[in-house]
1. What whole-number value in cubic angstrom gives the convex hull volume per residue for the C-alpha atoms of region B:538-596?
2. Students often check this: by mean Cβ neighbours within 10 Å, which of B:433-442, B:685-694, B:81-90 ranks highest, and how do the rest follow?
3. Kindly state, as a whole number, the per residue volume in cubic angstrom of the convex hull around the alpha carbon atoms of region A:3-103.
4. Taking only C-alpha pairs under 8 Å that are 6+ residues apart, what is the relative contact order of chain B in percent?
5. Which whole-number value in Å³ per residue fits the convex hull of the alpha carbons of region B:93-175?
6. Can you give the average number of partner chain beta-carbon atoms within 10 Å of each beta-carbon in peptide B:810-823, as a whole number?
7. Be a star and scan region B:421-455 for residues whose amide nitrogen sits under 15 Å from the point 7 Å along the Cα-to-Cβ vector of residue B:782.
8. Helix B:538-549: angle to the longest alpha-carbon principal axis of chain B, degrees 0 to 90, nearest 10?
């Protein structure tokens, strides 16, 4: 898998997220309190809420519209809610955030 | 024969090595890594090497880890020397101390110093690291030091810091050791740390909080999230200025923000250098005759700062030099650190991650925190604070990748399993701790009453008055009864705030006050939170409670806020936002309306709507346009209307005596005055006011959180109305003759609500819980108390009465509101 540089880790607030615009729509890149990064489709399967604006707690994020909670490792909703958001490979190298380069493509699989 | 340094300028003695057939080994740098390497090498092969050791410092190897006891005065330099003159002499090492190597001639295989050249067969670079100097104005002023070697340490000692102000920039291990050392010599020390908690590379926020608390108990002030802007002073350091405007006086400034590998000599020689001098597994550089080890090297993209991997490198390099096959493979190292008696332990990886689980143990009473990070039934990370006795046991399980599924239930208690006590936080309170704030009843008084025979809540209320007024301390009183009576007392189970804690909102609020908890990690630790970072339910509540109780000390945590308050705009169902500028008392001007119209056009606002709160809502604004739009509205003199906040929303008014033929008082003027006084404040839920100029009540004041109805004789102040899911008229608390008094009663009520209500309780929910009579007693009858409430409100407003839009509308902030990257523009492969 190849990766593309999208910016510095310090551009993302701890326990927060920033957006990356792609042909597939917006992808939310999260940074946890312990500097883990996760990339999720920025669209809650419930009513389309922007997950990037949710409260990040541990490796979970809560959708700001109706409080669905997602495990950022898998993209799966927790508890009684059923739904999965797409996740993308993302990693940090030397303070730079790198994301799955297939997002560059117009028809990413 | 003497092995002491050859005086500079004297030509080196020609080596007899060529004739003897020995390998001529030249070592640059007499540090801990090269010292250990020489020990291994000369022990294994005492006769094969002719060693020449250069050191820029005019001395041999000493234990740098022990500089902090030297700084604090507990040890002398002589006590921390690891290799003295006698050792070098016995090993036959030619010492060239105080002589800096200026150049390596790789073609000739010689090193150059001021006194000439020295040939080598093998060269080892062990130049270590240099302190990182942050490039701020004033960094070169006298009085600014780093903390790396004996010279730095002596500079701090010689500065005679007793009674003076010292600022340490950097809250990592070195910085904290410098701070502790100077504090031990009597300095007033402040530590400025850029990150949210101390030692963030070794500790998680909870352990960082405990460390900070222990240091503060030792008199060291800690300022986290502090970015240094400049060092101020005329001819010498006098103060440190932070980006947020805070200034700390400083006779001495110590920069300890980190180290960078010292690679200049290798770079000049054309060796491969990235962050450090690049070495392979055998510790060979890009030149087969040159080797490197220690803090100056980079191995597989990694640089090193802790001593354990450096000692492993020393062992490997000694074998490489003896032409044996040796591989340096860095292992997970544990850090067991003693910062002036603060006991902490950290090993492995404690970041959140795929398939990871946490086991957390907190003992608030003893200040203990333990966290194990598990993956696939194996320990991969350990963070401990306060009690690290089991650290090595856990570290052993980590290194062995032991399957812990069978012992998981009791694992966190270590090899000797114990048990956590849910009543620990209350049990640990001192007898004088105030439990009932209304009636000033201490823990000791309540326990005394229980022991005296008061076995029911009612009996406690009767004989101590605890929990007899607002009732929010009921849960704590019950816990004290449980503690004192044991199983004889069956307390009704209170509802916890959320799944993270069994403490109710009311208990948490009271404990934040009585235990003086001033940060989210502090609350989570001291009250035994069951999760690592809380959840979306407790974090915003804790953030509010802390900023309400400690307005001057607590820093608002933006990431613990719900989206609308974080972005200062209301999110809409499609992810766009609405923007509502403040219109004081519902009054606007043609110029403001023009600016709003211009903004609506410029940012393609799809809907412009008049709100129920007498102002204008611009709906459907894109997030990245918010800062620029705010800047435009700011330029026209408008500020945020806080239409999104759990805070003061609007003060709705009618036109009052100025125009209306029925008006009895200037209701518009009073509304504007109140809004200018109250705006910016954070409250448990939103607060809306109404001021009507006569009992016809055109401003609908009597269904607001606070309503004022003007009458000929004065002002009727009423509270706790609702016009939402429930509809309820306000209840009168006072009729006062003057506008000043109406303002005072209103302000005092809001402060009482801020200090006592549960997060997300509107006043109409909260007032019945505490009783209207109690509210009237607090804000109307007891004039002294009313003034004290107003005073506390003003202290809070000194921080929060400001426009958040102006802050985020700064040009340099704009990019933070837009996507960080746009891959849809990049050419696809």
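1. Numbers: hull volume 8.3 nm³, N = 59.
That works out to 140 Å³ per residue.
2. The most tightly packed comes first, giving B:685-694, B:433-442, B:81-90.
3. Measuring per residue, one finds 82 Å³ for the Cα hull of region A:3-103.
4. Working: 1683 pairs, mean separation 56.0, N = 829.
The value is 7 percent.
5. Values: hull volume 14.8 nm³, N = 83.
With only Cα atoms used, region B:93-175 gives 179 Å³ per residue.
6. 5
7. Within reach of a label on residue B:782, which here means backbone N under 15 Å from a point 7 Å along Cα→Cβ, region B:421-455 contributes B:435-442.
8. On a 0 to 90 degree scale, this one is about 80.
No value in this document is a laboratory result; all are computed from the given coordinates. All of these numbers come straight from a predicted model, not from anything done at the bench. Cβ: placed from backbone, ideal geometry, glycine included. Neighbour counts: every protein chain shown.
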